[in-house]
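Q: There's a structure below that I have some questions on.
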Amino acid sequence: MNSEISKEEEQPCVDDYVDWRYRPCKPGKHGGMFAALAVLGLQAFEMMAIAAVGNNLITYVFNEMHFPLSKAANVVTNFVGTVFLLSLLGGFLADSYFGSFRTMLFFGFIELTGFILLSIQAHLPQLRPPKCNMALSVEKCEEAQGLNEFIFFVAVYLVALGSGCLKPNIISLGADQFRRKDSKKLSTFFNCAYFSFCIGELIALTVLVWVQTQSGMDIGFGVSAAAMAVGLICLLCGTPLYRNKPTCGSIFTPIAQVFVAAITKRKQVCPSSLEMLHGNESSTVVLHHNVSTESHGGSSLLHTDKFRFLDKACIKIQDGTRRNESPWRLCTMSQVEQVKILISVVPIFACTIIFNTILAQLQTFSVQQGSAMNTKLSGNFQIPPASLQSIPYIMLVFLVPLYETAFVPIARKITGRDSGISPLQRVGVGLFIATFSMVSAAGVENKRRTTALNDPKATLSIFWIAPQFLVFGVSEMFTAVGLIEFFYKQSLEGMQSFLTAMTYCSYSFGFYLSSLLVSLVNKVTSRSSHGGWLSNNDLNKDRLDLFYWLLAGLSFFNFFNYLFWSRWYCYNPSLVGPHGGPKDSRSSRKSYWTIRIGHGMDSACLVCRLVPSAWTKFGMVLPTR
């Protein structure tokens, strides 16, 4: 047994990955599930820390900083939006210069510093405005200004900077512990990553939020700092085991070269034969500088017909005078196909923004909605409104393993895919379900408001708003994991962190859109005699139910928009294995909704079975083999 292990450890490096000392990785010594678990340990503890702060931040900003409700909601959504937007910076730095592990270590300590500063401000009264009850005070409470406001925003955005740059690298470093051809293990890892996310969220929304409510926000923020420190220790424990991809300069350089070369040769005519394109004969995917990657199935990226104008960057000018053209005038076909992939995923990315706008409401207005309801469970025990967000995660802690152990094997037998259903199918199911979360929220808020206006002493139980969290939890299990898996599997070696960051960037735009919608709705509806829908600090005077109905309508429209773009999307067959997606150019052009039943039967539409008239109503025809 020991001899077998020693032989396995002595095997030569099979790819370009290195250990923390930049030595070639060995299959039996580096990578695997044990290394990934160390990364997921950081994922759980970091999520525990950031979720405890982010999900209850509106309470702190409203009650302690004395910001008006609409401004407090925007502070929270802007904070969360910045966290996810900065993930692009983290992905770029990791892929281009520092690698995922070192980027995570550096920005992890920055996030820890932000938590410590936030807990210090919450502990010292001189760093906050005088105590005042925003809901009961007749006179206007003093709002945090000057140094107090400055310290608050510095602490919050240190947390945002650290967390944002961590997030995409947690996923990419964990997934890098497996080879790309191990599609089944990768799919299992993404489900495990979401499970660790749920565990972190669950503990944050129960234990940590309860500590914040009972012992004070300073103690709660201090516990978040301690959780972050434990997460960094987990990351360091796996240092000798990690497979790290080497960095090779700016990932934007080859992308810019394609656009510059295509524009420079815009008057050229694309050749009819692909053999005339530069780099078509290469058997290696050349990404940038002098770095080559492991060939996918023994060939380079295959040519696709979309965005043909970019193919002009591959045209080699034969004028008898120039033998070697500059990389800014001549690019390889694989380099061009890489850019095509980046452009193609943008519509898919954009279709998830409304989904994350709904998530923003559950972390802001739904918390305030719960504050206006009866929070007593029994006797003197009260449920913190922010803890309601733990309800879907309690369910998901059991549902995610069930999905992996029961649903995936059954779906795998039907579709032939290692992941059961394709990542884009998973995203689509989640987007369809998300609409019903806002429908539930609107109905409950209308009932709560009507009850409160008819009898001010009568209040609905806080559990009335549980369904909107439950429905969205199921939706997020499909959409969030599917989107991360999709972006990672569509990325080339050397760009995993950056493309994974696009997933989190969708969260960012969703939260920014929420802030924009709140301001826009207030401006438009304030023209009426009753004021704006969200212009007061009193939900009984506001029309939060109408705002929820607006979001439900936008979400429903967004789902059909997604149907269109997902049908348009074309997989590059070089990036998927025999069970992970299309294998040839014909199958790659199928809509992602098309599931291959066996190998010779007709195709079937997954979500269109739920809405059978959807395609014909919008003038679409189901794709066939």
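Q: Debye sum, Cα scatterers, region 325-443, no solvent: what log₁₀ I/I(0) at q = 0.18 1/Å?
A: -1.11
Q: Now for a different question. In Å², what does the accessible area per residue of region 390-472 work out to with a 1.4 Å probe?
A: 40
Q: Would you mind putting 53-63, 26-36, 465-475 in packing order, based on average other-beta-carbon counts within 10 Å, highest first?
A: 53-63, 465-475, 26-36
Q: On the accessible surface of region 438-561, probed at 1.4 Å, how many percent belong to carbon and sulfur atoms?
A: Its accessible area is 65 percent carbon and sulfur atoms.
Q: Indicate the gyration tensor shape class of region 366-431 (rounded, prolate or oblate), computed on the Cα atoms with a ≥ b ≥ c the square roots of the eigenvalues: a/c under 1.5 is rounded; otherwise a/b larger than b/c is prolate and the rest oblate.
A: It comes out prolate by the Cα gyration axes.
Q: In addition: Please compute the net charge surrounding A313, taking Lys and Arg as +1 and Asp and Glu as -1 over other residues with Cβ under 12 Å from its Cβ.
A: So the environment of A313 carries a net charge of +4.
Q: Let me ask something else. Which ³J(HN,Hα) values, rounded to whole Hz and listed in residue order, are derived for region 219-236 from phi using the Karplus coefficients 6.51, -1.76 and 1.60 in 6.51 cos²θ - 1.76 cosθ + 1.60 with θ = phi - 60°, glycine and proline given as x?
A: Result, rounded to whole Hz: 5, x, 5, x, 5, 4, 5, 5, 4, 5, 5, 5, x, 5, 5, 4, 4, 5.
Q: Placing +1 at every Lys and Arg Cβ and -1 at every Asp and Glu Cβ, with all other atoms neutral, what dipole size does region 152-205 have around its Cα centre, in debye to the nearest 20?
A: Dipole size: approximately 340 debye.
Q: Hey, another quick one. Give me a comma-separated list of calculated 3J(HN,Hα) values for region 238-246, in order, Karplus coefficients 6.51, -1.76, 1.60 applied at θ = phi - 60°, integers in Hz, x for any Gly or Pro.
A: Couplings: x, 3, x, 9, 6, 8, 10, 7, x Hz.
Q: Once ligands and nucleic acids are excluded and a 1.4 Å probe is used, how much of Y97 is accessible, expressed in Å² to the nearest 10?
A: Taking all protein chains as shown, Y97 has close to 120 Å².
Q: Quick one: length gained pulling I317 to I410 fully straight, 0.36 nm per residue minus the C-alpha distance?
A: That pair, I317 and I410, stretches by 28.1 nm at full extension.
Q: Then there's this: Taking Rh as the Kirkwood radius computed over C-alpha pairs, what is the Stokes-Einstein D of region 30-188 at 4 °C in a medium of viscosity 1.567 mPa s, expressed in µm² per second?
A: Translational diffusion coefficient: 75 µm²/s.
Q: Per-residue accessible area for L342 at 1.4 Å probe radius, Å² rounded to 10?
A: We get 30 Å² for L342.
Q: Counting Lys +1, Arg +1, Asp -1, Glu -1, what net charge surrounds M47 among other residues with beta carbon under 14 Å of its beta carbon?
A: -3
Q: So, one more: Measure off, as a whole percent, the carbon and sulfur share of the 1.4 Å-probe accessible area of region 192-241, all protein chains present.
A: Taking all protein chains in place, region 192-241 shows 81 percent carbon and sulfur surface.
Q: Could you give me the ³J(HN,Hα) list for region 159-174, computed from phi with Karplus coefficients 6.51, -1.76, 1.60 and θ = phi - 60°, whole Hz, x at Gly and Pro?
A: With coefficients 6.51, -1.76 and 1.60, one gets 4, 4, 4, x, 5, x, 6, 6, 3, x, 6, 4, 5, 5, 5, x Hz.
Q: Quick one: which of K376/K541; K184/K340; K181/K489; K457/K541; K140/K447 span more than 19 angstrom between C-alpha atoms?
A: K376/K541; K184/K340; K140/K447
The values are calculated or read from the model by the stated rules, or taken from the named source; none is laboratory data. Worth saying up front: this structure is predicted, and the values here are computed from it rather than measured. Glycine gets a Cβ as well: all are built from the backbone with ideal geometry, and neighbour counts include every protein chain shown. Please note that ligands, DNA and RNA were not included when accessible areas were found on the heavy atoms of the full protein model with its side chains. Shrake-Rupley method; radii C 1.70, N 1.55, O 1.52, S 1.80 Å.
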